[in-house]
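Input: a single structure, listed below in structure tokens.
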């Protein structure tokens with residue numbers, strides 16, 4: 001281990017010697033822990049990180065000058081629309097996706113490095129239950145979707161296949177996530193096919209460029225954003241692991257979307273048939289000012305432009321047919337070829353520019369007292385996973401229906417949107433629609449028939465509570481054989497055991 005004088009000298013070169021100001025007060029164990037944290041930092045890199053954070057925070061916010069004239073929507077040939085395509089085209093996409101899955105060429109990669117702070121919990125978001133009748137967590141829903149899509153592809157092509165699940169965690173989430181999966185027997189997935197790895201951490205920085213001490217013996221650290229994926233792939237030889245398994249296509253997604261379709265055959269198939277090296281799922285923006293990034297072009301190059309960078313006038317522009325000109329909302333759901341990821345890791349990652357997140361960061365003051373600030377006092381620098389779109393040779397976007405594929409869980413119950421109630425409602429409403437379309441009717445506790453409402457007003461609960469296990473149906477398929485003509489009493493849970501009861505004996 002590096003000595004205290006050696007570490008102090010390196011910090012002095014970086015202009016961060018204040019991180020050792022409580023050294024004399026620390027016990028031997030605390031000293032060793034602090035040295036272990038500080039020793040790997042190169043002085044030049046630390047100095048550059050702190051200066052870059054302070055400089056980036058000082059820049060004016062709002063739309064960059066001249067951006068509006070450089071913006072352009074994605075060309076129509078680069079955009080697929082799941083809901084507006086004819087059935088034969090959709091079938092062709094799904095067939096291609098299932099073929100690639102059956103050939104063991106598709107993996108999913110989960111971005112799960114963030115804590116559940118905004119959700120009001122101290123554990124990783126994937127462990128959260130939104131209050132479904134089954135009490136399933138986000139992790140369990142996702143694991144079961146993987147198992148189901150493996151089954152669908154295997155049955156279609158008469159083979160056994162595997163969709164490996166790579167999970168990028170952080171210092172905060174790795175331990176709890178690993179224990180959660182062990183405690184739940186990996187939700188009946190083969191543990192060898194669930195690969196957890198850790199992204200890097202970066203120091204939080206004050207507005208004047210000083211790394212923050214959160215305790216006398218610990219620097220305030222934060223994950224380097226979901227764009228830290230590319231360094232983490234190299235750090236842990238993940239692409240080498242994918243190559244050993246024969247993986248050629250990777251579906252990357254964020255942990256908090258309760259409706260996410262992992263290894264979605266339609267999305268994968270569309271991207272493969274388009275010859276894409278990089279792709280993004282998008283949803284149509286609900287209204288011009290909706291706070292989501294927009295997938296578009298800047299100077300003819302694909303990228304995501306943050307909503308805060310687009311002027312209200314530009315955000316309100318419309319196409320001749322009436323839709324928003326810049327209406328392709330980013331949902332952190334991406335397709336990459338492994339060849340493209342290798343190129344990013346090898347050549348382009350250093351060119352990714354960090355983004356500023358201004359946060360309330362607990363710290364110790366000059367007297368060593370813990371302070372929990374009431375307003376933002378620090379900067380966390382993050383890279384974004386979608387910032388590599390600009391390097392793609394063949395980028396595509398794939399528009400899906402929000403009500404079928406996107407309901408993020410970001411906030412606690414006190415928030416108006418993206419909270420546990422909205423996530424739960426989105427899933428139960430989707431499953432209620434699936435059951436009605438399959439030919440089921442619902443009864444209340446007195447046996448009276450409940451209304452059949454396929455198009456519910458936003459924010460309204462469905463007339464009946466219906467939850468369908470992903471192990472029974474991935475996206476609504478196969479339900480007619482089970483539910484047509486059935487009268488179901490609310491609440492109704494369709495799991496594997498119930499499906500066995502309902503399945504025709506000659507099926």
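FYI, it's all coordinate maths here, none of it is from the lab. Here the structure is a predicted model, which is why all the values come from computation and not from measurement. Here the Cβ is made from the backbone with ideal geometry for all residues, glycine too, and neighbour counts use every protein chain on show.
Between region 203-237 and region 367-416, what is the separation of their alpha carbon centroids in Å?
Region 203-237 and region 367-416 have Cα centres separated by 16 Å.
Let me have the 222 nm mean residue ellipticity of the chain computed from DSSP H runs of 4+ only, each contributing -39500 (n - 2.57), with the sum over all residues rounded to the nearest 500. Walk me through the numbers on the way to the answer.
Details: 16 runs with 155 residues, N = 507.
Value at 222 nm, helices only, nearest 500: -9000 deg cm²/dmol.
I need the shape label for region 370-428. Rule: rounded when a/c is under 1.5, else prolate if a/b > b/c, else oblate, with a, b, c from the alpha carbon gyration tensor.
It comes out oblate by the Cα gyration axes.
Express in nm, to one decimal, how much length is gained between residue 413 and residue 188 on full extension, taking 0.36 nm for each residue of separation and deducting their alpha carbon distance.
77.9 nm
Per residue Cα convex hull volume for the chain, in cubic angstrom? Present the calculation step by step, with values, prior to reporting the outcome.
Values: hull volume 87.4 nm³, N = 507.
Per-residue hull volume (Cα only) is 172 Å³.
Rank these for me by crowding, 316, 182, going from fewest to most other beta carbons within 10 Å.
Least to most surrounded, the residues fall as 182, 316.
Between residue 355 and residue 317, what is the spin-label point distance in nm, taking each point 7 Å from the Cα along the Cα→C-beta axis?
My value for the distance between the label points is 2.1 nm.
Quick one: order 332, 161 by neighbouring beta-carbon count within 10 Å, fewest to most.
On the way: 332 23, 161 20.
Placing the least packed residue first, the sequence is 161, 332.
Rounded to two decimals, what ratio of Rg to Rh does region 224-302 give with C-alpha atoms and a Kirkwood Rh?
0.99
For region 420-502, what is the convex hull (Cα atoms) projected area averaged across all directions, in square nanometres?
Values: hull surface 21.5 nm².
With every direction weighted equally, the projected area is 5.4 nm².
Give me 11, 456, 233, 374 ranked fewest to most by other Cβ atoms within 10 Å of their Cβ, as a rough exposure proxy.
Least crowded to most crowded, the residues run 374, 456, 11, 233.
Gap in Å between the Cα centre of region 475-506 and the Cα centre of region 288-317?
Using only Cα atoms to place each centre, the spacing works out to 43 Å.
How high is the relative contact order of the chain, in percent, with contacts defined as C-alpha pairs under 8 Å that are six or more residues apart? Spell out each step's value before the answer.
Values: 976 pairs, mean separation 92.9, N = 507.
Result for the chain is 18 percent.
In whole Å, what is the distance between the alpha-carbon centres of region 134-195 and region 1-76?
Region 134-195 and region 1-76 have Cα centres spaced 35 Å from each other.
Which peptide among 96-103, 187-194 comes first, and what is the full order, when sorted by highest mean count of other Cβ atoms within 10 Å?
Values: 96-103: 21.4, 187-194: 13.9.
Those peptides, ordered most packed to least, come out 96-103, 187-194.
Pairing the Cα long axis of helix 43-58 with the longest principal axis of the chain, what angle in degrees results, from 0 to 90 and rounded to the nearest 10?
Once rounded, one gets 70 degrees.
In Å, what is the Rg of the alpha-carbon atoms in region 86-148, and how long is Dmax?
Values for region 86-148 (Cα only, Rg and Dmax): 16.3, 47 Å.
Once you have a ≥ b ≥ c as the square roots of the Cα gyration tensor eigenvalues for region 4-58, tell me rounded if a/c is under 1.5, and otherwise prolate or oblate according to whether a/b is larger than b/c.
prolate
Compute the long axis of helix 28-38 from its Cα atoms, compare it with the longest principal axis of the Cα atoms of the chain, and write down the angle in degrees, 0 to 90, nearest 10.
70 degrees
What area, in nm² and to one decimal, does the C-alpha convex hull of region 36-150 cast on average over all directions?
14.8 nm²
Please give, to one decimal in nm, the separation of the simple spin-label points placed at residue 287 and residue 68, each 7 Å out from Cα toward the Cβ.
My value for the distance between the label points is 2.1 nm.
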